[in-house]
Amino acid sequence: MASMEEDGSVEEKDNNNKKRTKSAIAVAWLTFYNIAMTAGWLVLAMAMMRFYLQKATHKGLYKSIARTLKFFQTVALVEVGHCAIGIVRTSVIVTGVQVCSRIFMVWFITNSIKQIQNEESVILFLVVWTLTEITRYSFYTFNLLNHLPYFIKWARYNMFIIMYPLGVAGELLTIYAALPFVRKTGMLSMRLPNKYNISFDYYYFLIIVMLSYIPLFPQLFFHMLRQRRKVLLGEIIVEKDE
Amino acid sequence: MDTVVLEGATHKKAGPGSVPGVPAPPVKRPKAKKAKKAVVFFEVEILDAKTKDKLCFLDKVEPNATIGEIKSMFHKSHPQWYAARQSIRLDPKGKSLKDEDVLQHLPVGTTATFYFRDLGAQISWVTVFLTEYGGPLLLYLMFYFRVPFIYAPKYDFTTSKHWVVHLACMCHSFHYLKRLLETLFVHRFSHGTMPLRNIFKNCTYYWGFAAWMAYYINHPLYTPPTIYGEQQVRIALIIFLFCQVGNFSIHIALRNLRPPGSKTRKIPYPTKNPFTWIFLLVSCPNYTYELGSWFGFTLMTQCLPVAFFTAVGFIQMTVWAKGKHRSYLKEFRDYPPLRSPILPFVL
């Protein structure tokens, strides 16, 4: 790229151009939102650490932070709106899928199936999510304020290499642990005969969800790898057209 | 011939704005074959749109050669790229030129440079349609006759005791049979082919939904309409048949707009057939009637998967109708203003 700023990355330059065309209200709102979310996940991190230090066990940890987690993770739906109205230049579908998968884990797995709330895999993905979100939201905040410390950029584009696989492991193990309880209670399922002539088995649905990680996770992972090469290493990647 | 070639060469320097096809003094020859009448031959070079590599150089190309003919010549030097998968354009990022475009009418010098893009493996529309529609027809019947391994073994090859299930089978089969026959005998396609990957996408959609619907309608534990019972089924059948006839009438009207073998485009208008009078209010009444048919089928079967199929189809057809409506408005200055894309006054 001809005019690369000193600290510059492709994304940063794009952000500057974006900002010039974004209204002041949008910038103010996004800055506030990202600061709030960074703070929220920091609170979660500290609550988790405090619980573990005081009780020396992870049992009951989920219950103690459940309300805060549900609040901050659900509020993230707003990010889909940001993409839809154009103040954030990301695809609505990509953001939608990411947020929905988080909401699904929180509300339809850990919140509804009490018996798995003390599993170690829950702590695993909670820690991963917390670290990832704190990095992500502070990255956005500093970007909007035009003062991005290199270590935050470094963290955002390197931590995922470990965080993604660990997070996926935590989520999959949790869903797997939930399966027997889903089967036993028949929750969220509907059988024939009924007047709508439809049936739904949540147990098999969960199995399909687990299988869908196989095609989806590599795509997301390699997308982040490509972003990393572009942003951190300055590589120019020629996209292969379909 | 040498003088002619020199004149061709000077034309080359004239730049893109000039009319290259205007020949120098026409050579006076006796009425010979058409080939001998050409005075200024063109040279055509074809470059890869992405890498700009020179892929092909054609000399002595007739000025009245069409893009279609150039594609066949290109195919000879690159046999893996048959004409249907070639996209030839003037600009690497521009729109594809049409097969009918004539070389000398294009803004090129006598050495024309075209850019080539590979569209990927192609498959004919007719093949796609026959596969897309044949699947649902056969799959539904498999569920209707309760072929083994679908339901519990004690139900194999039994028939439902509800008459609405038989009716639904007849309607569903009639619908897809109609579509198959229309594909073979009624429709006139603008494009010959579409990308090969479309057939997988389309078949998954049609076959998947057909199996999902058929499974529940023909299930031994199926519950026939309860809200208004027999009356509901009767009204649903009337709506379904009305819309089937309507849809067919529109297909015939659209076919008659286009003479055989041509690709002309005209504004459709109502004909003597009352089912076509909906053209007064709607640009794409074939989609309107299609929506109506599936709405009728949903009512008839009172089956939620059918409702989902109708909803998804409605969304897709609305997208298509809006696109078609927009291109009508762009192409025809005098397009009737009262028309909506798919639903009168609404959408």
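If I build a Gaussian network model for chain A, linking alpha-carbon pairs within less than 10 angstrom, which residue out of A:R89, A:R67, A:R191 has the largest mean-square fluctuation?
Most flexible of the set in this elastic network: A:R191.
If I ignore ligands, DNA and RNA and count only protein heavy atoms, how much of A:S212 is accessible to a 1.4 Å probe, in Å² to the nearest 10?
Solvent-accessible area, nearest 10 Å²: 40 Å².
Report the calculated FRET efficiency for A:F151 and A:R226 (r = Cβ-Cβ distance, R0 = 22 Å), to the nearest 0.05.
The computed FRET efficiency comes out at 0.50.
Which whole-number percent is the relative contact order of chain B (Cα, under 8 Å, 6+ apart)?
13 percent
Computed over the Cα atoms of the protein assembly as shown, what is the convex hull's projected area averaged over all directions, in nm²?
37.8 nm²
Nearest 0.05, what FRET efficiency do A:A28 and B:S173 give at R0 = 56 Å with Cβ-Cβ as r?
FRET efficiency, A:A28 to B:S173: 0.40.
For chain A, what does the helix formula give at 222 nm: sum of -39500 (n - 2.57) over DSSP H segments with n ≥ 4, over the residue count, nearest 500 deg cm²/dmol?
Rounded to the nearest 500, it is -24000 deg cm²/dmol.
Given 0.36 nm per residue, what is the gain on full extension from A:N194 to A:I161 after removing their alpha carbon distance, in nm?
7.1 nm
When 1/r is averaged over all different Cα pairs and the result inverted, which Kirkwood radius in Å belongs to region B:241-347?
14.5 Å
State the answer as a single residue: which of B:G192, B:F309, B:T158 lies farthest towards the positive end of the charge dipole of chain B, with beta carbon charges of +1 for Lys and Arg and -1 for Asp and Glu, about the Cα centre.
Sorting the options by dipole projection puts first B:G192.
For B:S340, what residues show an amide H to amide H distance below 5 Å, using hydrogens built from the backbone and excluding near sequence neighbours?
B:V282, B:S283, B:F345
Hey, in the GNM for chain A with a 10 angstrom Cα cutoff, which one of A:Q54, A:Q115, A:Q73 fluctuates hardest?
A:Q54
Going by the alpha-carbon gyration tensor, a ≥ b ≥ c the square roots of its eigenvalues, is region B:136-247 rounded (a/c under 1.5) or, if a/c is not under 1.5, prolate (a/b greater than b/c) versus oblate?
oblate
Projected onto the charge dipole of chain B (+1 at Lys/Arg Cβ, -1 at Asp/Glu Cβ, origin at the Cα centre), which of B:F209, B:G246, B:L338 gives the Cα projection farthest towards the positive end?
Among B:F209, B:G246, B:L338, the one farthest towards the positive end of the dipole of chain B is B:L338.
Which of A:F151, A:F104, A:H82 sits farthest toward the positive end of the charge dipole of region A:82-224, with +1 on the Cβ of Lys and Arg and -1 on the Cβ of Asp and Glu?
Going by the charge dipole, the pick is A:H82.
Going 7 Å from the Cα of B:L281 in the Cα-to-Cβ direction, what parts of region B:320-344 have a backbone nitrogen less than 17 Å from that spot?
B:336-344
Which three numbers, in whole Å and largest first, are the semi-axes of the equivalent ellipsoid of region B:282-336 derived from its Cα gyration tensor as √(5λ)?
For region B:282-336, the ellipsoid semi-axes come out as 29, 11, 4 Å.
Which value, in debye to the nearest 20, gives the size of the charge dipole of region A:2-233 about its Cα centre, when Lys and Arg are +1 and Asp and Glu are -1 at the Cβ?
Using only the charged Cβ atoms, the result is roughly 440 debye.
Note down the magnitude of the dipole of the protein assembly as shown about its Cα centre, charges +1 on Lys and Arg C-beta and -1 on Asp and Glu C-beta and zero elsewhere, to the nearest 20 debye.
It comes to approximately 900 debye.
Roughly how much of A:F125 is accessible, in Å² to the nearest 10, using a 1.4 Å probe?
Roll a 1.4 Å probe over it and A:F125 shows about 0 Å².
In degrees from 0 to 90, rounded to the nearest 10, what is the angle of the helix B:229-257 Cα long axis to the longest principal axis of chain B?
Around 10 degrees separate the two axes.
How many percent of Cα pairs in region A:2-233 exceed 23 Å?
55 percent
Could you tell me how many degrees, from 0 to 90 and to the nearest 10, lie between the Cα long axis of helix A:92-103 and the main elongation axis, the longest principal axis, of the Cα atoms of chain A?
Approximately 40 degrees, to the nearest 10.
Label points 7 Å out from Cα along the Cβ direction at B:K330 and B:M142: separation in nm?
Output for this residue pair reads 4.1 nm.
Label-point separation (nm) for A:V97 and B:L338, each offset 7 Å from Cα along Cα-to-Cβ?
Here the answer is 4.6 nm between the modelled labels.
Report the calculated FRET efficiency for B:F149 and B:R258 (r = Cβ-Cβ distance, R0 = 51 Å), to the nearest 0.05.
0.65
Sort B:H219, B:H191 by accessible area with a 1.4 Å probe, largest first.
Order by accessible area, largest first: B:H191, B:H219.
Checking the table B:K52/B:K322; B:K52/B:K98; A:K22/B:K98; B:K272/B:K322 against a 32 Å threshold on Cα-Cα, which pairs fail?
As for pairs spanning more than 32 Å Cα to Cα, those are B:K52/B:K322; A:K22/B:K98.
Provide, as a two-decimal number, the C-alpha radius of gyration of chain B over 2.2 N^0.38 Å, N being how many residues it has.
1.34
Output the 0 to 90 degree angle, nearest 10, between the alpha-carbon long axis of helix A:24-55 and the longest principal axis computed from the alpha carbons of chain A.
Once rounded, the angle reads 50 degrees.
Suppose every K and R has +1 on its Cβ and every D and E has -1 on its Cβ; what is the size of the dipole of region A:111-242 about the Cα centre, in Debye to the nearest 20?
Computed about the Cα centre, the dipole is about 160 debye.
Tabulate in residue order the Karplus-calculated ³J(HN,Hα) for region B:199-215, using 6.51 cos²θ - 1.76 cosθ + 1.60 with θ = phi - 60°, rounded to whole Hz; enter x for Gly and Pro.
Going residue by residue, I get 5, 5, 4, 5, 5, 4, 4, 5, 5, x, 5, 4, 5, 4, 5, 4, 4 Hz, with x marking Gly and Pro.
The values are calculated or read from the model by the stated rules, or taken from the named source; none is laboratory data. Because the structure is predicted, anything quoted here is derived from the model rather than measured. Glycine also receives a Cβ, built like all others from the backbone with ideal geometry; neighbour counts cover every protein chain displayed. These accessible areas exclude ligands, DNA and RNA; they are computed on the full protein's heavy atoms, side chains included. Shrake-Rupley method; radii C 1.70, N 1.55, O 1.52, S 1.80 Å.
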